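Just below is one structure, and these are the notes that go with it.
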Amino acid sequence: MKLKAANKLLSEPEIENLGELKPFYFELLKQQKLRSKLEKFRKSEDNGIGVFILSKEGYFIDASYGFSELLGYSTEELRNIQIESLILPEERPKLQTTIFKLVSGQSHQEDSRHCCITKDGQLVSLALNLFLLDQRLSPGTEIHLIVKFEDHTIGDRLEKSLQASVQTCQYLFDGSTVPQIIYNLQTLAVIAVNDAAIYHYGYDRSEFLTQDMSVLAPLGHSFDQFCEQHLKKSGQLIDVEVKSLELIYNDLPAQILSIRDITEQRRTKQALDALRQAEEDYRGIFENAVEGIFQTSESGKYLKVNPMLASIYGYDSPEDLMNGITDIANQLYVNPQRRLEFVELLKQQDAVLGFDSEVYRKDGSKVWISENVRSIRDTSGKLLRYEGTVVDITEVKLSEEALRLSEERFRLTFNYAPIGMMIKALNGQSVQVNQAIAQILGYTPSELLELTCVDITHPEDLPTSLEMRQRLLAGEFPSYQIPKRYIRKDGTFVDTLLHVSLTRDGNGEPIHFIDQIEDVSDRKRAEEKISYLAFHDPLTGLPNRALFNDRLNQALALASRLHQEQSNFKTLLAVMFIDLDRFKVVNDSLGHAMGDRLLQLVAERFTRNMRKSDTIARMGGDEFMLLLPEVKQVEDVVKVAEKILKSLSQPFHLDHHEMYITASIGICLYPHDGDDGDTLLKNADVAMYRAKEQGRNHYQIFTQSMHERAFEWMFMESSIRRAIAQDEFLVYYQPQLDLQTGKVISMEALIRWQTESGFIPPNQFIPIAEEYGLIIPIGEWVLRTACTQNKLWQNMGLPPIQIAVNFSAKQFQDPQLLQKVSRIIAETRLAPRYLEIEITESAVMKDEYAAAETLQSLKNMGVRISIDDFGKGYSSLSHLKKFPVQKLKIDAAFIREIPRNKDDAAITTAIIAIAHTLNLKAIAEGVETPEQLEFLRALGCDGIQGYIFSPAVTTEVATKILHDQRHFLASDLIKGKI
C-alpha cells in the first residue's frame, strides 16, 4: 500500500473528528516527515566517509581518524583487533568470504554492508568498499586490503522507521474491526477494502474492487460520503457513521472511509429514550403496581420500595421492609451467593431479566421470586443505584416441581403398571417397554426392543393398526382405542385392547407413540358368553326375547318392502305364542330343577320341527314364541301348529318319571292382524289366551273378536286404581346379607297386593300397571313407604342399612323421576346413601344415553345404583362401563343349579370377576341351598339374597330380623350353623 498524506494539514477539531482514522492520519504525517529527512540525508555529503587498512588475516594495520572516532577505539587499540570481532556474528561468514575472494585473486574489488559493534556496544551500519593494495606500488610488501567505508546508520534507521510506519498503516487498515474503504476521489472506484468491510457488506474482495462507491448508496440515491445510510449486498439498509480522510494512494488522489454500523446503537438510543419516558410514567404507577418495585444501593440497602414488594416479602408496609432489611444479600436471600451472582451480572451487562431466587419472608417462610433489574448510571457512567421489579413465582416453581414429580410418577407408573405399555418411535420400533407387556407377549423387555409393531401384530390386524397410526400422525384425532391381536413369542395370539396416544414436542411435531395394551382374553371370553346370554335363554339355549324381537323386526321390514315393490306379493308372516299348559304344577310337584329339565326337552322338540329360516325363542318361564317368515297360506301355519302339538303328545322321561305336557298356541298373521312387532305379539298373546280358554292343548288364530280380552285388562286396571285408592298394596322386605360379616346390609322392598280373596301375584298386575301407566304412582308410593320405613328403623337405633327399591322401565322414563326421588328423600329425611335403586339392563337400554345421564344424576344425589337380574339382558361391559353403578345382582336363573351346572357356574364366576374388576359388588339372588352358599363364598361373592335366609316378609318380621340378626341369625348362617 503506497500511501501519502494529502497536502492539506487538518486543524485540531478536524483531527478529533477523524475517530478511528486519527492514528492513520498521524502515521501519514509521520511518513511525510521521515521521507523528508531521508531525502535530506541522501543529499548530504557528510555521511561519515573514511578508510582503514587490513592485513590479509583481517587485522587492522591502520585507520583514519574518522573510523577510529566512529568506533570509539584508538589506532593503537585497533591494531590488536581482528575486524571480524567487530562484526555481528551472523555477518562474519559473509565478510570472510569477501576477504578470501580478494586475497585469493578471485576478485579485485568487493562491496559489502555490515553492522559493526562500537567500543561502547552500539551498532553502526557501514557500507564497505574493499580492494587489494596494488603490489606494483609497494613491491615485496605483504598483501594488504584497503577498505573505504560510509556510515549509513542514520539512513538505515530512517528507512526502517518509514517502513515500520507504512506497515502500521497497513495494519491499521487491514486489522481494523471497523469497515474501511479507500476509493479514487475522481472516479469513485474502490481501490482497497479491509476484511471488516468485506464481512459487513457481504461482497467478496474481487466484487468490491470491480465496483465504485455507488454500490453502497441506497436505491435511488447517488453516493455521498456524508450519507447516513448504506446498502448491503443482501439489500439490508443500515444506519452508518462515516469518518473520512483524504490521502494519496499510489500517486492518485483518494479518500479513506471508516464506516461504523450504528443501526443497533440508534435502536438502542431509541429504546433508551423510550425507557426514560417509561420511567416518568413508572413514577405514576409505582405505588399501585401489581409487581414489586424497588431501588437499592450498590452495597445492598433498599432505597425505595413499593407496597406490593412489601406484601411479597410479608412486611406490613414499605417502611417496615426498608427498616427490617438492611443487608439484602444476607437477610433476604436463602442463598446469599445468588445475590453476589446477580450483582456481578449487573456489572457486566447493566440489565438482568428473569433472575430467579429463593428468598425469606418476614415470618421465615420461603418464596420464589423472579427479578428484572437494571443499573442506573449518571452521564459519566458512574453507578448510582439498581432498580427493578419482583414477581412472586412460587406457584410457577411449585408447578415445575409438580411436573417433575409427575414425570417421576409416570416413570414409576410406566414401569410397574399392571397393563402393558410401550413407547414407540414413529417407525414402529419400541423405545421403551414395561414388564407387563413383556409378560403378556412372552418376551423379555430387551427382546421386545428389537422388534417393530409389524413383528408382533396379527397379520389381519396389521393394516388397521398401521392406518390408525397414520391417521393419528395426521392429527385426525388425539388418540384412539381399538381391539388388537398380538403375536406372542410362542406363536399364539392374545386379544388386547390397545389405546394409542402421541407425544409431541414444543413445536407440535410428533415424537413418540405411547401404547397401552390391556390383555382382555379372559374378559373377551366372558363378554362373549354374556353377549350370547343377552340374546339367548341360558336354560334352553334358544333365542331370547331380545333376539326374537330383532329377527321379527327384520322379517317385517323385508315383508313390508316386498309388499310395496310387488303388488301381487301374497306371502304371509306368522307369529305363534306358545304357552305350556299347567307347567306350574310340574314345578310345584317335582321342583324347579325337574321343571327346567322339562323346558330343555320341550325346546329340543320344538327345534327339531322348525325350518332353518324359522325362529323359536323362549320368552321367559314356560312361554315360547315362534316366527315363521315367508308363509304362502294359512294352512301352512296350521300344519306347523298341529306338528308342534303332536310333538308334545309323546311322553317326556325325567329320571324315573314319565310325564306329559301340552301347550296352548296363539297365531297371528302379517299383514292381516298387524303391521308391527308389538301388535303382532300382543294379538298372538290374545289368541293364546283364547286357546287356553278353549281347554288348552289347542291353537287359535287371532280374530278381532278376541279383543274382548281387552275388557279384562280394563277391569284389572280399574281394580288396580281402586287398590291404590284403598291402600290395598303392601310392601314386603327381603334381606340381603354380607358374606364377609354376616350382617344384613340391605332390605329389598317388594310390592304385594292383598285383596279380600287373597294375594294377587305381582306378575299378574304389574304388567297391566305398566301398560296403563299406573306403575308410576305405585312406584312412587313404594319408594316413599320404603324410605319412611328405613328411617324408622334408624330412629329405633337399629344398625343403618340400605333400602333397595326396584324401578321399572316406565318409572325410569318418567321425566319427573329425579325431582320425585329428591323430594321423597327430603321429606322422609333419609340420608341418600341409604337408598339403593335397582334397575334392569333392559330398562336402561331403551335409551342408554338418557339412562346414563339419569343414573349419574341419582349418583350425584348420593343414591346407590344396582343392576338387577344381571346376565339376562344386554350384559355388555361396554354398556356397563357407561353407567355409574355400584352393585350387580346375579339373576337367580344362574344360581339355581350351581354348582352342579358347569355352564351356570362358569357364568356366575365370570360375572363376579367382572364385578370385582370394575370395583363393583356382586350380590347373588335366589340362594336356597348350603351348596350354593358355599360355592358363592368360595368365589368371593360379596352378598346373597334368597330363601336360605329369608323370603320377602312383612315390616314386623323384617324389623325383628334386623333386631335379632346381631345375635345369631346372620352370623350363624354365614358360619354354616343354620
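Miscellaneous remarks
- Protein accessible area in the chain, 1.4 Å probe - carbon and sulfur %: 52 percent
- Acute angle (nearest 10 degrees) that the helix 848-861 long axis makes with the longest principal axis of the chain, alpha-carbon atoms: 80 degrees
- Tail fraction, Cα-Cα pairs, the range 713-975, threshold 35 Å, whole percent: 13 percent
- When the Cα convex hull of the range 169-267 is projected onto planes of every orientation, the mean area is 6.1 nm².
- The H on the amide N of ALA922, modeled in the peptide plane, is under 5 Å from the matching H of LEU888, ASP942, GLY943, each at least 5 residues off or on a different chain.
- Phi-derived couplings, Karplus 6.51 cos²θ - 1.76 cosθ + 1.60 at θ = phi - 60°, listed residue by residue for the range 209-214: 6, 9, 10, 9, 6, 5 Hz, with x used for Gly and Pro.
- Rh (Kirkwood; distinct C-alpha pairs) - the range 299-398, Å: 14.0 Å
- With all protein chains kept in place, the per residue accessible area of the chain amounts to 52 square angstrom at a probe of 1.4 angstrom.
- Taking every Cα-Cα distance in the chain and sorting them into 20 Å bins from zero, the calculated P(r) comes out as 9, 20, 20, 14, 13, 10, 7, 5, 1, 0 percent.
- Rolling a 1.4 Å probe over the protein heavy atoms leaves THR168 with an accessible area of roughly 50 Å².
- Anchor LYS243: lysines whose Cα lies under 27 Å away (excluding residues fewer than 8 positions away in-chain): LYS2, LYS4, LYS8, LYS22, LYS30, LYS33, LYS232, LYS233, LYS269
- Packing-based ranking, highest mean first, of 233-239, 833-839 given that Cβ atoms within 10 Å are counted: 833-839, 233-239
- Counting only alpha carbon atoms, the long axis of helix 92-103 and the longest principal axis of the chain meet at about 40°.
- Within straight-line cross-link reach of LYS682, lysines at Cα separation under 19 Å, skipping those fewer than 8 residues along the same chain: LYS692, LYS810
- Legend: residues SER222, SER465, sorted from most to least accessible area (1.4 Å probe; ligands, DNA and RNA excluded), read SER222, SER465.
- PHE759 contributes an accessible area of around 110 Å² to the protein surface, as traced by a 1.4 Å probe with all chains present.
- Percentage relative contact order, the chain, counting C-alpha pairs under 8 Å, at least six apart: 5 percent
- Of every Cα-Cα pair in the range 355-405, the percent that sits beyond 11 Å: 73 percent
- With every protein chain in place and a 1.4 angstrom probe, the accessible-area ranking of SER244, SER866, largest first, reads SER244, SER866.
- Whole-angstrom gap from the range 585-653 to the range 329-376, using each part's C-alpha centre: 91 Å
- Nonlocal Lys pairs with alpha-carbon distance under 24 Å, the range 299-398 (8 or more apart, or different chains): 11
- Area projected by the alpha carbon convex hull of the range 417-522, averaged over all directions, nm²: 6.4 nm²
- In Å², nearest 10: area of THR187 left accessible to a 1.4 Å probe: 80 Å²
- Degrees, to the nearest 10: 677-693 long Cα axis against longest axis of the chain: 20 degrees
- Taking every C-alpha pair closer than 8 Å and separated by at least 6 residues, the mean separation divided by the residue count of the range 96-244 gives a relative contact order of 11 percent.
- Entries in LYS612/LYS643; LYS743/LYS902; LYS524/LYS921 that, when Cα-Cα distance is taken, lie over 23 Å: LYS743/LYS902
- Note on exposure: THR263, THR97 ranked by accessible area (1.4 Å probe, complete protein assembly) read THR97, THR263, with the most exposed listed first.
- Diffusion constant of the range 638-779 at 10 °C, which comes from Stokes-Einstein with the Kirkwood Cα-pair radius and 1.306 mPa s, µm²/s: 85 µm²/s
- Projecting the alpha carbon convex hull of the range 444-504 along each direction and taking the average yields 4.6 nm².
The values are calculated or read from the model by the stated rules, or taken from the named source; none is laboratory data. These figures come from a predicted structure and were not determined experimentally. Positions of Cβ are generated from backbone atoms using ideal geometry, with glycine treated the same way; all protein chains shown enter the neighbour counts. Heads up: the accessible areas ignore ligands, DNA and RNA and are worked out on the full protein's heavy atoms, side chains in. Shrake-Rupley method; radii C 1.70, N 1.55, O 1.52, S 1.80 Å.
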